[in-house]
Amino acid sequence: MRLECIGCRRTTPGGITCPDCKHDYAINRVFIVSDYHDSILAAAIKTLKYKFLPELSAPLVALATRYIQNQSALHRIAFASEEFLVVPVPLHKRRENWRGFNQAALLARGLADRFRLEYAENLVRTVHLPPQATIKDRGERFENIKKAYACPMPEAALGRNILLIDDVCTTGATLNECARVLKNAGAASVTALVIARG
């Protein structure tokens with residue numbers, strides 16, 4: 001249950017992006033539910049994604065719900081007042097067809113339902129690229145993902161506070177590119193929520 005800057009990983013109030021990293025990151029803040037080094041959590045995420053068990057999204061949504069409720073109770077985040085539009089990080093259609101689902105969409109829908117928030121698949125993956133998990137170099141991850149997303153319904157994002165959902169964050173390159181596209185479409189702010197950070 002970390003509250004840290006998405007760039008330098010220093011502890012920050014409410015998980016905001018620190019002043020030193022703001023010029024490199026379009027994300028306003030990131031909520032990190034747990035740690036990918038937790039072997040049970042990592043196994044659950046890998047099983048969901050690679051053994052094609054979408055029902056495993058339910059306990060992950062429950063874990064994220066508890067995190068949000070705890071942080072809200074401690075007044076570390078003002079989740080209820082944000083009126084978020086919940087948006088999942090998209091997969092390319094080729095990968096989604098192979099897997100049969102987008103794990104981020106399952107998580108996003110679950111959280112939107114739980115907190116009665118509006119849900120929109122307001123991003124699309126426009127190019128099929130090597131998965132970020134196969135790229136170890138930080139700089140290459142940012143280059144790999146450039147111009148990989150588009151916002152086909154910019155009017156839906158205009159002036160909105162976006163809650164961008166993904167399962168895992170490592171460097172933040174994917175979240176950052178999605179946030180850049182959403183802000184270019186007119187989003188007021190982009191908060192990311194990930195189940196785990198590696």
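The values are calculated or read from the model by the stated rules, or taken from the named source; none is laboratory data. The structure displayed is predicted, hence computed values, not measured ones. We place every Cβ from the backbone using ideal geometry, glycine too, and count neighbours over all the protein chains shown.
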A careful count of residues in region 62-96 that are assigned to a strand (DSSP E or B) and touching a helix residue (DSSP H, G or I) at 6+ places or on another chain (Cβ under 6 Å) gives 2
Name every residue in region 25-55 that is of a type in the set (Lys, Arg) and touching a helix residue (DSSP H, G or I) at 6+ places or on another chain (Cβ under 9 Å), in order of residue number. Arg29, Lys49
When region 32-51 is checked residue by residue, the ones that are surrounded by fewer than 18 Cβ atoms within 10 Å (Cβ to Cβ) and of a type in the set (Gly, Ala, Ser) are Ser39, Ala42, Ala43
Take Gly186 and tell me if it is over 10 Å from the mean Cα position of the chain (by Cα), surrounded by fewer than 18 Cβ atoms within 10 Å (Cβ to Cβ) and modelled with pLDDT of 95 or more. yes
In region 168-183, anything buried (at least 23 other Cβ atoms within 10 Å of the Cβ) and within 21 Å of Tyr67 (Cβ to Cβ) is listed as Cys169, Gly172, Thr174, Leu175, Cys178, Ala179
Taking the stated definitions as given, is Arg141 within 23 Å of Ile40 (Cα to Cα), among the basic types (Lys, Arg) and not in a loop (DSSP other than H, G, I, E, B)? no
With the requirement that a residue be small (Gly, Ala, Ser) and either under 20 Å from Phe115 (Cα atoms) or in contact (Cβ under 8 Å) with a residue 40 or more places away in the chain (or both), what does region 149-184 give you? Ala156, Ala157, Gly172, Ala173, Ala179
Has region 103-119 got any residue that is closer than 19 Å to Ile145 by Cβ, small (Gly, Ala, Ser) and assigned to a loop (DSSP other than H, G, I, E, B)? no
Matching residues in region 152-165 - criterion: being surrounded by fewer than 21 Cβ atoms within 10 Å (Cβ to Cβ) and under 16 Å from the mean Cα position of the chain (by Cα): Asn161
Filtered residue count, region 71-91, keeping only those that are at pLDDT below 95, closer than 22 Å to Leu106 by Cα and either of a type outside the set (A, V, I, L, M) or in contact with a Pro (Cβ under 7 Å, 6 or more places away or on another chain) (or both): 3
Taking the stated definitions as given, is Thr126 of a type in the set (S, T, N, Q), touching a strand residue (DSSP E or B) at 6+ places or on another chain (Cβ under 8 Å) and farther than 23 Å from His37 by Cβ? yes
Residues in region 15-32 that are out of contact with any Ser or Thr (no Cβ under 7 Å at 6 or more places or on another chain) and either more than 12 Å from Thr191 (Cβ to Cβ) or part of a loop (DSSP other than H, G, I, E, B) (or both) total 8
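Determine which member of the set Thr47, Thr11 is touching an Asp or Glu at 6+ places or on another chain (Cβ under 8 Å) and without any contact (Cβ under 8 Å) to a residue 12 or more places away in the chain.
Thr11
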Hey, does region 117-131 have a residue that's within 14 Å of the chain's Cα centre (by Cα), in contact (Cβ under 8 Å) with a residue 60 or more places away in the chain and closer than 17 Å to Ala173 by Cα? no
